[in-house]
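Reading through the structure tokens given below for one structure.
Values quoted throughout were computed directly from the atomic coordinates according to the rules given, and no laboratory measurement underlies them. All values reported here derive from a predicted model rather than from experimental measurement. Because the Cβ atoms are built from the backbone with ideal geometry, glycine has one as well, and the counts that use them run over all protein chains shown.
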Amino acid sequence: MTTTTPTADKRDQVVIFDTTLRDGEQSPGASMTLEEKLQVATLLDEMGVDIIEAGFPIASNGDFEAVTEIAKLVKRGVVCGLARAGNGDIDRAAEALKHAERRRIHTFIGTSPLHREFQLQLNQEQVYERVVSSVTRARNYTDDVEWSAMDATRTEADFLCRTVEAAIKCGATTINIPDTVGYTTPAEFADMIRMLIEKVPGADEVVFSTHCHNDLGLAVANSLSGVAGGARQIECSINGLGERAGNAALEEVVMAIKTRGDIYPYYTNIDTTMLMRASKLVSAVSAFPVQYNKAIVGKNAFAHESGIHQDGILKNAETYEIMRPEDVGVKSTSLVMGKHSGRHAFREKLIALGFELGDNALQDAFRRFKDLADRKKHVFDEDIEALVEDEMTQAGEAIRLVALTVIAGTGGPPKAIVTLDVEGQHVTKEATGDGPVDAMFKAVRAIAPHEATLQLYQVGAVTEDSDAQAEVSVRLGEGDKMVTGRGADTDTMIASAKAYVSAVNKLVTRRAKSKPAVELKAV
Ligand code: KIV
Ligand code: ZN
């Protein structure tokens with residue numbers, strides 16, 4: 001592939017700060033369990049993310065625990081915790097991060113007139129004081145402190161300069177300029193960063209950062225423009241997950257920098273061949289589907305339908321492809337094994353797909369693979385991935401699906417008979433419903449009662465053909481908490497039951513763990 005990337009020594013690094021687990025997880029319906037957050041953090045670390053924003057420790061006991069555990073787990077990257085401009089927040093973030101090999105406290109306050117007046121009820125001087133006190137306090141815990149001017153792009157230039165200067169004087173090492181409401185435009189944002197770097201004393205000693213939301217669909221363009229203006233850190237998230245329309249998509253900024261080295265003479269530490277895996281994992285754990293035509297990681301991002309395009313691709317891929325699919329981890333679907341494949345070949349295949357299972361888990365996965373190969377003509381890599389992920393999801397759950405019978409059709413009300421293993425005891429219930437799925441969910445609820453409402457029921461096919469495995473996501477909401485369950489099987493009803501049961505398991509765990517530490521307001 002021809003790119004005009006300058007040699008590494010002439011290029012500046014753009015630091016990749018991933019906020020999938022904080023801003024991403026904050027978006028309605030995207031909440032993840034601790035295990036899921038650890039899975040995502042491990043992958044981000046392996047992929048080369050420089051800073052992993054692991055959560056907002058004061059927000060809930062669950063967030064505190066997630067940041068604590070991620071801090072212990074991460075090997076390469078810096079682990080970051082978010083804190084408002086109050087002592088309690090900063091102390092809690094420091095506590096959660098204490099086991100991290102490399103830690104960062106990220107503290108923020110709203111600086112715009114709207115935020116000052118309506119959210120904080122503070123005047124400019126009071127906000128200024130909080131910048132001073134919060135950065136100073138954070139610096140007592142670590143010398144890696146990031147300060148953010150929330151709603152910076154709607155803040156008066158003079159006041160923004162004053163607060164940035166104060167944060168630098170008090171020891172902040174990264175200055176983040178969030179476009180909190182996705183309001184700015186590329187040229188305006190580049191000018192803003194340039195202006196700050198030129199005017200603020202000490203600006204040349206810190207790293208400027210972008211944090212762009214996508215309300216106008218400009219988050220990636222604005223982030224890259226910010227870099228052109230002098231920023232050297234981009235805050236982004238996998239699949240662009242984040243509040244409202246989301247954040248700048250990590251995979252898009254990284255591939256824009258890699259592909260257009262002639263325009264963006266920078267580099268990142270990201271192993272781009274892991275982008276597709278990261279996208280799939282985040283989509284699965286958040287139950288946020290990736291749109292088919294999404295740049296880089298969409299199902300159609302490298303698909304060529306028209307005859308003219310196909311002809312060109314066959315002659316020379318560069319006629320219609322500006323990136324190689326393998327550079328972002330897109331593999332052509334490959335037929336793997338059939339029912340005669342042995343345990344050894346299966347284990348090798350799992351390793352190639354990035355799974356390392358212990359003996360017992362391998363045994364269970366192999367049994368399921370054999371069962372699948374009996375039922376399904378062709379077994380693809382995607383089938384194996386779905387099967388193992390399903391196995392990992394169900395492992396260790398207190399409630400498990402044992403048996404299911406569903407009666408549906410034109411003859412009478414749909415009925416489901418469900419047997420669950422509830423902490424070692426088999427319990428069977430039956431129910432009728434408005435459809436087979438409704439009947440099945442009601443039967444599960446009769447065994448494991450809860451008040452949650454169904455927010456999402458989503459079925460996808462892992463591969464093509466009518467014998468494909470179904471992958472089902474279920475999201476349940478209880479109060480302001482949401483949980484997501486997943487299940488996979490060639491039988492859509494079984495996959496649905498597994499997904500529902502998995503979500504119920506999470507509800508139970510969540511109820512036990514996540515009493516909010518405080519009610520969050522701006523401080
Ligand atoms: O969008 C925003 O301003 C934020 C800050 C906390 C950085 O997420
Ligand atoms: Zn944000």
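Observations, loosely collected:
- Relative contact order (percent, whole number), the stretch 10-286, Cα cutoff 8 Å, 6+ residue spacing: 21
- Helix 186-199 axis versus longest C-alpha principal axis of the chain: approximately 40°, rounded to the nearest ten.
- The convex hull defined by the C-alpha atoms of the stretch 228-294 has an orientation-averaged projected area of 5.3 nm².
- Whichever lysines have a C-alpha closer than 20 Å to that of Lys498, once near sequence neighbours (fewer than 8 apart) are set aside: Lys280, Lys370, Lys376, Lys415, Lys429, Lys442, Lys506
- Dmax and Rg, reported as Rg then Dmax, of the stretch 145-239 (C-alpha, Å): 12.0, 36
- Per residue convex hull volume, Cα atoms of the chain, in Å³: 169
- Fully extended contour minus Cα-Cα distance, from His340 to Thr432, at 0.36 nm per residue: 29.1 nm
- Contour excess over end-to-end distance, with Cα ends at Asp465 and Arg260 and 0.36 nm allotted per residue: 70.0 nm
- As a rough footprinting exposure proxy, the listed residues Arg375, Arg154 were ranked by other beta carbons within 10 Å of their own, and the order from fewest upward is Arg375, Arg154.
- Ordering of 358-370, 59-71, 222-234 by packing [mean C-beta count within 10 Å, highest first]: 222-234, 59-71, 358-370
- For the chain: relative contact order, % (alpha-carbon pairs under 8 angstrom, 6 or more apart): 13
- Taking the fewest neighbouring Cβ atoms within 10 Å as the starting point, the ordered list for Thr405, Thr419 is Thr405, Thr419.
- Counting only DSSP H runs of at least 4 residues, each contributing -39500 (n - 2.57), and dividing by the residue count of the chain, the helix-based mean residue ellipticity at 222 nm comes to -12000 deg cm²/dmol.
- Overall Cα dimensions of the stretch 334-392, principal axis frame, Å, largest first: 27, 21, 19
- Cβ-derived FRET efficiency at R0 30 Å, Asn293 paired with Ala187, nearest 0.05: 0.65
- The three principal axes of the C-alpha atoms in the stretch 300-441 carry coordinate ranges of 60, 43, 27 Å, sorted with the longest axis first.
- Mean Cβ neighbour count within 10 Å, used as a protection proxy, ranking 30-37, 136-143, 408-415, 454-461 highest first: 30-37, 136-143, 454-461, 408-415
- Look at the alpha carbon pairs under 8 Å that are at least 6 residues apart: their mean separation over the length of the stretch 101-227 gives a relative contact order of 24 percent.
- Kirkwood Rh in Å, taken over the stretch 397-514 so that all alpha-carbon pairs contribute: 14.4
- Nearest-ten-degree value, helix 275-286 long axis tilted from longest Cα axis of the chain: 70
- Taking packing as the residue-averaged number of other Cβ atoms within 10 angstrom, the listed peptides 110-121, 465-476 run from highest to lowest as 465-476, 110-121.
- HN-Hα J in Hz across the stretch 391-397 - Karplus 6.51, -1.76, 1.60, θ = phi - 60°, x for Gly and Pro: 4, 5, 5, 6, 4, x, 7
- Sequence-distant residues sharing a close amide H with Gln13 (under 5 Å, placed H): Tyr267
- Helix axis angle, 157-169 relative to the chain longest principal axis, alpha carbon, degrees: 90
- Calculated on the alpha-carbon coordinates, the convex hull of the stretch 10-286 measures out at 114 cubic angstrom per residue.
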